[in-house]
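**Student:** First, the structure itself, so that you have it in front of you.
Values in this text are rule-based calculations from the coordinates and carry no lab data. What you are looking at is a predicted structure, and each value in this text was computed from that prediction instead of being measured. Here the Cβ positions follow ideal geometry from the backbone for every residue, glycine too, while neighbour counts run over all protein chains shown.
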Amino acid sequence: MRSKKRDFNFILGICLLAITLIPAFVGLFWTPYDPEKMDYSMKLAGISIRHIYGCDNFGRDVFSRIMSGSGITLLIAVGTVLFGSILGTVIGCFTGYYGGLIDECLMRINDVALAFPSLLLALVIVSLMGTGKYQVMLALGLAFIPSYARIVRGEYLRIKNLDYVKAAKLAGASDMRIMFVHILPNTKTVLFSSVLIGFNNAILAEAGLSFLGIGVQPPDASLGRMLSEAQAYMFTNPSYVLFTGCTIVMLILGFSLLSKAKRWQ
Amino acid sequence: MKYVLKKLLSCIITLFIVSFLVFAAFALIPGDPALSKLGTNATQAALDAMRHKMGLDRPFLVRYFTWLFDAVRGNFGNSYSYSMPVASLILDKIPITLTLMVYSMILMVVISVPAGVYASYKEDTPVDRVIQIANQIVMAIPPFFSGILITLFFGIVLKLFTPGGFVSLNANPLKFLGFMFFPALAVALPKSAMVFNLLYTSLNGEKKKDYVRTAYSRGNRSKTVFFSHMLKNASIPTITFLGMAFADMIAGSIIIEQVFGIPGLGRILLTSIQNRDYPVVTGIIMLIAVTVIISNMIVDIIYKIVDPRVDA
Amino acid sequence: MSKLLHVEDLNIEFHDHLIPETVVYDFDLDMEPGEIVGLVGESGSGKSMSALAVAGLLSRHDMKKRGVIEFEGKNILSCSRSELRELQGDEICMIFQEPLTSLNPVKKIGWQVEEGLKIHTDMSPEERKKRAIKALEDVEIEDAQRVYDSYPHELSGGMRQRVMIAAATIGNPKLLIADEPTTALDVTVQSQIVELMKKINREKKTAILFISHDLSLVSALCERVLVMKGGYVVESGSVKEIFESPKEEYTRKLIDAIPKCGSTEDLVENGEPLAGMKDINVSFIKRKGKNKEKVHVLKDISLDIYEGEILGLVGESGCGKSTLAKTLLGLIKPDTGHVSAKFPNTQMIFQDPYGSLNPSKTVGFIMEEPLRNLTDKTPEERYALSKEMIEKVGLSEEFLQRYPSELSGGQRQRVCIATALMLGPKLIIADEPVSALDVTIQAEVLKLMMKLHMEMGISFLFISHDLRVVHQMCDRIMVMKDGEIVESGDRVKIYENPSHPYTKELLKSAGLGPGGVK
């Protein structure tokens, strides 16, 4: 039976993501202007028909830069989430299923790591490995492992005591088969929503790191990096800062609305 | 009391692990501190002498325990780039960052708890929906962008404060607190949206529980059921989150200090990371670790007081 | 005598979906003061909804109620919330199925018992406390003072339900509505609670509306019964009428579903022992904070299961029945002792049909899993065998493509049985296989197991807390308490001539006993 209420979260989330993701995707192949081309005559130009979002302090087209910047931000987010969730899931699988001393030790470290804000953890890792987009991906990915490991471990702890796992044992399934064929598919709902949330956290953390100047380095432009550049000119040309910031807000809002959509529940 | 002691012991063990991990991470990275201190054209003899002076030629564990014992007594060594003791460098900045965090914490609770309780009490009314939408949007604003928006709105449009015009505590305490309100708001807003969300969902979750039905069956007013039965139950998960939020605020403060030009711990941490000034970085990270672990301990103790089911 | 409660043409509809869904149709009920009326039906029959409506607790805005509910002449459906509050907790009280979740976990017992008085009277705190202690003593709680200062999680299930009753009856209500109050409890505790309710009815002249799925429990307590199905009252009348001459097909089915004892068939001759355990000890380390506590779950258990028999294992929750089953299957390693069970000749059926089938796999996948892991049969052979087995348990081939979430509880349990049959086992261990099912479904599943026993010669170790089911099914019975087998013997001996006091107590709570087999 269909629910009376429409799934507004889903519709709105998809719309917001379309507004932000389509330009980012197009930006991989084509942008209205070269995002790196400087034109001092257009320095900090306001909104016009030629430059719909205006220009930055070097006269570069803001819209083109946002297009390519969101691309890099998203690339880092995807890399981070993939790295963190795959490693976290594997660790969570084994520790949750087998338990024992290794589990105790890993979870102790995990708890400490979780208590730390992931941005700080990434800060430490970046300070050890240096800056740049792949370093950021690795740093954030490492920083996200604990949260995935804990979620997956919790699911394994819960599911391994269910009767259908015992039934699988009685059907002669090996430990590996139970872990990956019988249990793993049942963690998908939990994993799916935490991946969506993780996406948001990755976007936020990357933007934070780049904003602080220790994330993505020039010539790469990411949204956080652009925002920190734009901040210096927010009094003379607030549209630069506002458009860049609003793109981040729309991305995050889109993902969080999507993760709250009724159809997953 | 026994519970507190037990928690304290487990905190010390955790701190021990953290200190080891932090020390190991920074001791094992490639790069020679002596080399970076003396420059690339230093002679081998000078380098050896420097390594000996800095204690780098001793075994790893010896170095760790020397560092640990010094750290316990408040000695984190000397900064490479500021050439002053790390401890006094940090100590100077603690009041600024601490003020920012405590301020944000207070603002966060003041904003989120009444809003969460009110929205849940008025569930499915227009008021609730308006609060929900506002909350969704606030939650999506990254702290640095909220800082920029606050600067634009309160600083430039309303002219309530001078952007970048930080006043130190010693110069004028009143102006200091007045200025700090805005960065604190920027840190608090995104977090209060999260606390709101958690409180709201757990309150709405409590509404479906059996004991609420029991309370109604005894003829309670809905107000009594809400405030005297549900609120305490719903506050239990929220308390855990407050502890985590406090830790998260450290990260928030570091970013917001950049937006508002506040010379706090965050600024030193960032410059030290860029200069590879590891004694300062380890010192600040250990300080953050202590703060996080202590705040978690306090949360655990409050938890125990609120929830009778927690075993001692 | 004036009527206490008069319900006429009560209809309840849900409006949260596009098509309104009616859950109760034309419900009629009259109750005299001091009367006990039973309301019987399986899950989803609308019995709880009707009861909640009577108590004025159905106030969701997406729900429509039509009809008349009069309590002492006052129409509850048209009452304002504040008028209703006057009645609730004072004149009409309610107790619920799950006593743990029905008590507020962060409030002390005393506070919760007194709450009704605090709302409806202006007694002083001291007086309230005195009344609360008295109320706790009235429900036969011995150390009322200690319980008064406890939290719900510190009490046992039976104690919590006593506390709920004390809280409900502290203001001497005229009507007590009990919604499945014994379902979550052990049998011996169940009968104590029923006795307690009888006592309250006798002493306080409280009328009781007793809702249950258990017809035999209702017959032990009530004078009058209403039978509900699919939102309709299908039959009503005195207990005697209903039992002796049920008019409706459904009522007859319900009565038939009550396991009958004293079947006359001969006991099967014992063959070879199929599986057995000798001097088994199992203990777990239970953690309570930092203190580790060793809990002895099985103590010196020895048993043998012979070919062609059904061995019953009876005991209350927590006595170690399930641990015994898992040890026998090798899922738990015993501390000491020897187990001889021939895997895969031994298979198991679990209690909760919702937890024992992997929700992300199709029925066909689940059924073929043992063949895939343990044999080298081709996919075609596997499919053919699973088709044969699913038909054997009374389901059709198309079920193989379905997911567990598309099946009902009874169908799931059939699938579990079919899966257990895949490797052609000699022995099936059935751990409470029917206790999560509705009574009529229970009877069907038991019939199926009996059929497999007769046709295929499969032996069963049948674990249950329900003595009637065990009597109906088993040839030989073992009684378990606190990890020990306190008594064992053939069916006639256990039921006609029990020697251990615990066996006697169990039989008494189940309404059975020497010579008294109904």
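**Student:** Each residue of region C:476-493 in order: what ³J(HN,Hα) in whole Hz does its phi give by Karplus 6.51 cos²θ - 1.76 cosθ + 1.60, θ = phi - 60°, with x for Gly and Pro?
**Tutor:** 10, 10, 10, 10, 10, 8, 6, x, 10, 8, 8, 7, 8, x, 6, 4, 4, 5
**Student:** Which length gain, in nm to one decimal place, applies between C:H15 and C:K504 when the Cα-Cα distance is subtracted from 0.36 nm times their residue separation?
**Tutor:** Roughly 171.0 nm would be gained on extension.
**Student:** Right, next: How long are the three semi-axes of the equivalent ellipsoid of region B:87-306, in whole Å, if each is the root of 5 times an eigenvalue of the C-alpha gyration tensor, listed from largest down?
**Tutor:** Square roots of five times the eigenvalues give 37, 21, 14 Å.
**Student:** Counting only chymotrypsin sites (Phe, Trp or Tyr not before Pro) that sit in a DSSP loop (anything but H, G, I, E, B) with at most 16 other Cβ atoms within 10 Å, what is the longest stretch of chain A containing none of them?
**Tutor:** Here the longest run is A:59-232.
**Student:** Also, quick follow-up: If exposed means no more than 14 neighbouring beta carbons inside 10 Å and the site is in a DSSP loop, what's the longest run of chain A without any exposed trypsin sites (Lys or Arg not before Pro)?
**Tutor:** A:51-265
**Student:** In region C:33-72, which trypsin sites (Lys or Arg not before Pro) are in a loop and have at most 16 other Cβ atoms within 10 Å, using DSSP for the loop call?
**Tutor:** Qualifying residues, ordered by number: C:R60.
**Student:** For a quick check, take a GNM of chain B with Cα springs below 10 Å and name the residue from B:G252, B:G283, B:G164 with the largest mean-square fluctuation.
**Tutor:** B:G164
**Student:** For region C:431-484, place one equal point scatterer on every Cα, skip the solvent, and apply the Debye formula. What is log10 of I(q)/I(0) at q = 0.20, 0.29 Å⁻¹?
**Tutor:** -0.75, -1.33
**Student:** If you filter region C:113-209 for trypsin sites (Lys or Arg not before Pro), then keep DSSP loop positions with at most 16 other Cβ within 10 Å, what is left?
**Tutor:** Hits after loop and neighbour filter: C:K205.
**Student:** Which of the DSSP-defined H helices in chain A satisfy a minimum axial length of 30 Å, computed from C-alpha atoms, and a minimum mean Kyte-Doolittle hydropathy of -0.5?
**Tutor:** Span-like helices in chain A: A:62-98, A:133-160, A:188-211, A:238-259.
**Student:** Another one. Report the longest stretch of chain B that contains none of the trypsin sites (Lys or Arg not before Pro) sitting in a DSSP loop with at most 10 other Cβ atoms within 10 Å.
**Tutor:** B:209-312
**Student:** Taking R0 as 60 Å, what FRET efficiency do you get between B:F20 and C:S245 from their Cβ-Cβ distance, rounded to the nearest 0.05?
**Tutor:** Calculated value: 0.15.
**Student:** Moving on. So what are the radius of gyration and Dmax for the Cα set of the protein assembly as shown, in Å?
**Tutor:** Cα radius of gyration and Dmax of the protein assembly as shown are 34.7, 113 Å respectively.
**Student:** Let me ask another. Of the residues B:N233, B:N220, B:N41, which exhibits the maximal mean-square fluctuation in a Gaussian network model of chain B defined by a 10 Å Cα contact cut-off?
**Tutor:** Of B:N233, B:N220, B:N41, the most mobile in the Gaussian network model is B:N41.
**Student:** Measuring from a point 7 Å past the Cα of A:N57 along Cα-to-C-beta, which residues in region B:257-274 have an amide N at less than 20 Å?
**Tutor:** B:257-263, B:267, B:270-271, B:274
**Student:** Quick one: which residues, 5 or more positions from C:Y232 or on another chain, have an amide H under 5 Å from its amide H? H modelled 1.01 Å from N in the peptide plane, none for Pro or chain starts.
**Tutor:** C:Y25
**Student:** Taking K and R as +1 and D and E as -1, what net charge do the other residues with C-beta under 12 Å from the C-beta of C:I242 add up to?
**Tutor:** Around C:I242, the charge tally is -1.
**Student:** Now for a different question. Could you list B:C11, C:C416, A:C15 so that the one with the fewest beta carbons within 10 Å of its beta carbon is first and the one with the most is last?
**Tutor:** Going from least to most buried by this count: A:C15, B:C11, C:C416.
**Student:** Follow-up. Taking only Cα atoms of chain A, what ratio of Rg to Rh do you get with Rh as the Kirkwood inverse-distance radius?
**Tutor:** My calculation puts Rg/Rh at 1.07.
**Student:** Dipole size in debye (nearest 20) for the protein assembly as shown around its Cα centre, Lys and Arg Cβ +1, Asp and Glu Cβ -1?
**Tutor:** Dipole magnitude for the protein assembly as shown comes out near 3360 debye.
**Student:** Only Cα pairs within less than 10 Å get springs; with that Gaussian network setup on chain B, which residue of B:V212, B:V138, B:V292 has the largest fluctuation?
**Tutor:** So, out of B:V212, B:V138, B:V292, the one fluctuating most is B:V212.
**Student:** Okay, moving on. Chymotrypsin sites (Phe, Trp or Tyr not before Pro) within region C:385-471: which are DSSP loop residues with at most 13 other Cβ atoms inside 10 Å?
**Tutor:** Qualifying residues, ordered by number: none.
**Student:** If you add up the charges near C:S499, with Lys and Arg at +1 and Asp and Glu at -1, over every other residue whose beta carbon is less than 15 angstrom from its beta carbon, what do you get?
**Tutor:** Value of the local net charge: 0.
**Student:** Oh, and also: Among C:D9, B:D92, C:D475, C:D466, what is the fewest-to-most ranking by other Cβ atoms within 10 Å?
**Tutor:** Ascending number of Cβ neighbours within 10 Å: C:D9, B:D92, C:D466, C:D475.
**Student:** So, one more: Using 0.36 nm per residue of separation minus the Cα-Cα distance, give me the extension gain between C:M454 and C:E380 in nm, one decimal.
**Tutor:** Contour length minus Cα-Cα distance gives 23.7 nm.
**Student:** So, one more: Given that compact globular proteins tend to follow 2.2 N^0.38 Å, what is the ratio of the alpha-carbon Rg of region B:197-288 to that value?
**Tutor:** 1.79
**Student:** Something else: Can you work out the PRE-style zone for C:K447? Point 7 Å along Cα to Cβ, and I want the residues of region C:383-400 with backbone N under 18 Å.
**Tutor:** In region C:383-400, the label zone of C:K447 (backbone N under 18 Å from the point 7 Å along Cα→Cβ) covers C:391-396.
**Student:** Among the listed pairs A:K262/C:K108; B:K208/C:K198; B:K209/C:K205; C:K387/C:K426; C:K134/C:K199, which have their C-alpha atoms separated by more than 26 angstrom in this model?
**Tutor:** Flagged as over cut-off: A:K262/C:K108; B:K208/C:K198; B:K209/C:K205.
**Student:** Using a 10 Å cut-off on Cβ to Cβ distances, tally the other chain neighbours for every residue of A:155-166 and report the average as a whole number.
**Tutor:** For this peptide, the per-residue mean of nearby foreign Cβ atoms is 4.
**Student:** Give me C:H6, C:H338, A:H182 ranked fewest to most by other Cβ atoms within 10 Å of their Cβ, as a rough exposure proxy.
**Tutor:** C:H338, C:H6, A:H182
**Student:** State the answer as a single residue: which of C:G308, B:A46, B:L242 lies farthest towards the positive end of the charge dipole of the protein assembly as shown, with beta carbon charges of +1 for Lys and Arg and -1 for Asp and Glu, about the Cα centre.
**Tutor:** Projecting each Cα onto the dipole axis, the largest value belongs to B:A46.
**Student:** Further question on the same structure: Return the sequence-ordered ³J(HN,Hα) values of region B:113-127 in whole Hz as given by the Karplus equation 6.51 cos²θ - 1.76 cosθ + 1.60 applied to θ = phi - 60°, using x for Gly and Pro.
**Tutor:** Working through the residues one at a time gives 5, x, 5, x, 5, 5, 5, 5, 5, 9, 4, 6, 10, x, 4 Hz.
**Student:** Something else about it: For chain C, what is the charge dipole size about the Cα centre, in debye to the nearest 20, if Lys and Arg each add +1 at the Cβ and Asp and Glu each add -1 at the Cβ?
**Tutor:** It works out to roughly 1340 debye.
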